[in-house]
Amino acid sequence: MVEKTRFLKHYFGHDAFRNGQEPLIDAIMAGRDALGVMPTGAGKSVCYQLPAVMLPGTTLVVSPLISLMKDQVAALSAMGIPAACINSMLTSEEYIEVLRQAGHGAYKILYVAPERLTTAGFLRLCQSLSIPLVAVDEAHCVSQWGQDFRPSYLDIAGFIEGLPQRPVVGAFTATATDAVKSDIVKLLALRDPFCVTTGFDRPNLYFDVKTPRDKFGWVLDYVRRHGDQAGIVYCATRKAVDQTCQKLVQHGITATRYHAGLPDDERRRNQEDFVYDRRRVMVATNAFGMGIDKSNISFVLHYNMPKNIESYYQEAGRAGRDGSAAQCVLLFSAGDVQTAKYLINASSENEALSEAKRQEVRRQDMERLRQMTDYCKTSGCYRHFLLRYFGERSPERCGSCGNCTAKTQQTDITVQAQKILSGVARVERRFPSGLGTTLVVRMLHGSREQRVQQLRLDGLSTYGIMRDTDRMKIREYIDVLVEQGYLTQTTGSFPVLQTTGRAWEVLRGQTRVTYARREEQAEPTPRRKAAERRAVAPEDSLFEALRRLRAELAKAESVPAYVVFSNATLADMAVKRPADMVDFLDVSGVGEYKAARYGRAFLKAIQNWESNNLSRGDD
Ligand code: ADP
Ligand code: ZN
């Protein structure tokens, strides 16, 4: 076996490299700088941790995720790789001790917060240390184009310059835009870097959008139906976080919360409760996530629509990092668009930008919001939509997202379309600059609202022509007409509806309008069936037993459960049911060190389970 593959199995327990890992590792081992762009959960850490193990000396990993370092160090130690971290959370005694040990070359990997690079004690250490590799994690933080710009990242290049010998530099990020990539190369002063950008698809994630009338009821039901799983519920505002969390707790769910308005210590405590599986559901604003590495998150629900697809994909992508199946469901309502617009306007107000620049930023934000809204309304494949947004080719239908798996019914809405189109045409004649969807819907529905009367929309012959149709339905039909090109919706702060040339084909009765209406299932029945099946499948009750053992071990060692083994590893173990140490090492995610440390306990649990469950010889 090739050396590096042996190391991959020995330390990390993986049998093969994932897409992109091997070429990056080869480049680094050959002494070349490298830039790896891979989505969250793709396995970037191995790309620098494996070289760190193979190279002589101590590898430095620069990371902004201070709260995560402790767990990363614990995870490395559990694999038999000596590691430590240096950040503001250490006491001065701890700091001195780490520096002392590091000075003796005790660590293969040293995590360091960017702010610490320029401190005297650390600089002194680095003058004497042999540093073959500096890995920069979350490298997009160096770019002002990214959402997470960290000024201290700009010091990294100078720090490397000042080292007695220039190490290989590896940069890693999940942000793929060209502006950010070229910023990383320039600002980290990478030399002729070997670049790998892997696909953004996350095959184990299931995407869906729902429009329930009662969002909270839907979330509660979902969380109950996934009673053994951990997940995040993202809300747009702090108030919504507080309310949703409180209500979940009142209904007996072990939920906790996170947003920027909470005191530091409560935030830290709540985050730990979630990461250590003491609380199952995290209700949070988008402030939560950057600093967490919890690989067993099985669902990410969005209570509100985020403001753009980048944010959505990043947040949703926190599910299923260990590769096991996970769900990302966005709950959409028309009000979300208003909230998002409000947030965009509020955030571009207090910036120190010129008015022209501010308008440009706002225009871009509005355009990105429009695409996010299109995602929520599409009847096409969600995965295809997302990947196309990130500039990636993919099949038109993935066959496994909410829209691809939904039952649909071809529905003829020609009559409704004619009513709507003639309504919009009449509005256009009266108001050549057009009116927004809300007013058009009110006019068609025959609303007595003041604004309708002010504009004398009640005088139009199409006023109230759809009195018997639900307003939500009218909106849905309008979306279909926009999607099929009979209407257009202008962009900007006040989008208006306009007819297109094709509208006349429908009005003259030359074309019929049909669309594939998705049948709403109050309950995702197929999945529920799967859950019931799961309850009786033997490997699942074994999985539960293994999970309990993992929880005990994690608790005894005060580490998060995933540091012991990931869900994916437990699932593989439940299927393979190893009988001895050799078989145990065959389980995906089991390396030598962890086998020695935990092997006996797990083998015993499997044996116990077998003697209790397979006594009738029905193996
Ligand atoms: P990223 O930093 O890119 O978000 P991580 O490095 O945290 O991703 O890895 C995500 C998960 O993938 C981890 O649970 C890790 O154990 C697993 N993983 C990484 N490389 C492999 C591999 N070659 N085979 C199987 N699992 C892997
Ligand atoms: Zn699909």
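The values are calculated or read from the model by the stated rules, or taken from the named source; none is laboratory data. Computed from a predicted structure; not experimentally measured. Every residue, glycine as well, gets a Cβ built from its backbone with ideal geometry; the counts of neighbours run over all protein chains shown.
Based on this model, can you work out whether L460 counts as in contact with a helix residue (DSSP H, G or I) (Cβ under 6 Å, 6 or more places away or on another chain), buried (at least 17 other Cβ atoms within 10 Å of the Cβ), over 27 Å from Y342 (Cα atoms) and not basic (K, R)? The answer is yes for L460.
Between A179, A240, A236, the distinction of being under 17 Å from the mean Cα position of the chain (by Cα), under 24 Å from K307 (Cβ atoms) and outside any strand (DSSP E or B) belongs to A236 only. Of the residues in segment 213-222, at least one is among the aliphatic types (A, V, I, L, M), assigned by TED's automatic domain parsing to the domain that holds R397 and buried (at least 20 other Cβ atoms within 10 Å of the Cβ). Return the only residue of A42, A16 being surrounded by fewer than 18 Cβ atoms within 10 Å (Cβ to Cβ) and either in the same structural domain as D583 (by TED's automatic domain parsing) or within 7 Å of ligand 1 (Cβ to nearest atom) (or both). Sole residue among the options that is surrounded by fewer than 18 Cβ atoms within 10 Å (Cβ to Cβ) and either in the same structural domain as D583 (by TED's automatic domain parsing) or within 7 Å of ligand 1 (Cβ to nearest atom) (or both): A16.
Residues in segment 386-429 that are within 14 Å of ligand 2 (Cβ to nearest atom) and small (G, A, S) were compared, and the one that is modelled with the highest pLDDT is G402. Report yes if V415 is among the aliphatic types (A, V, I, L, M), in contact with a Gly (Cβ under 8 Å, 6 or more places away or on another chain), over 15 Å from S379 (Cβ atoms) and more than 16 Å from ligand 1 (Cβ to nearest atom), otherwise no. Spelling it out, it is not the case that V415 is among the aliphatic types (A, V, I, L, M), in contact with a Gly (Cβ under 8 Å, 6 or more places away or on another chain), over 15 Å from S379 (Cβ atoms) and more than 16 Å from ligand 1 (Cβ to nearest atom).
Conditions tested, residue by residue: (1) at pLDDT below 85; (2) crowded, with 18+ Cβ neighbours inside 10 Å; (3) within 19 Å of T491 (Cβ to Cβ).
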{"position": "P306", "(1), (2), (3)": "no, yes, yes"}
{"position": "G323", "(1), (2), (3)": "yes, yes, no"}
{"position": "Q364", "(1), (2), (3)": "yes, no, yes"}
{"position": "S379", "(1), (2), (3)": "no, no, no"}
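State yes or no: is K594 farther than 24 Å from A325 by Cβ, basic (K, R) and at pLDDT 90 or above? No.
Identify, from the list D586, D572, D580, the residue that is touching a Pro at 6+ places or on another chain (Cβ under 7 Å) and among the charged types (D, E, K, R). Of D586, D572, D580, the one residue that is touching a Pro at 6+ places or on another chain (Cβ under 7 Å) and among the charged types (D, E, K, R) is D586. Test E428 against the stated conditions and say whether it is in a loop (DSSP other than H, G, I, E, B) and away from ligand 1 (no atom under 16 Å from the Cβ). So E428 fails the test. Look through segment 139-168, keep the residues that are outside any helix (DSSP H, G or I) and modelled with pLDDT of 90 or more, and return whichever of them is surrounded by the most Cβ atoms within 10 Å (Cβ to Cβ). This residue is V168.
Mind listing whichever residues of segment 321-339 are under 14 Å from the mean Cα position of the chain (by Cα) and either within 16 Å of ligand 2 (Cβ to nearest atom) or among the β-branched types (V, I, T) (or both)? Hits for segment 321-339 are A325, A326, Q327, C328, V329, L330. Select from segment 182-198 the residues that are outside any strand (DSSP E or B) and either in the same structural domain as G335 (by TED's automatic domain parsing) or polar (S, T, N, Q) (or both) and write down the one among them that is modelled with the highest pLDDT. Restricting to residues being outside any strand (DSSP E or B) and either in the same structural domain as G335 (by TED's automatic domain parsing) or polar (S, T, N, Q) (or both), the top hit is S182.
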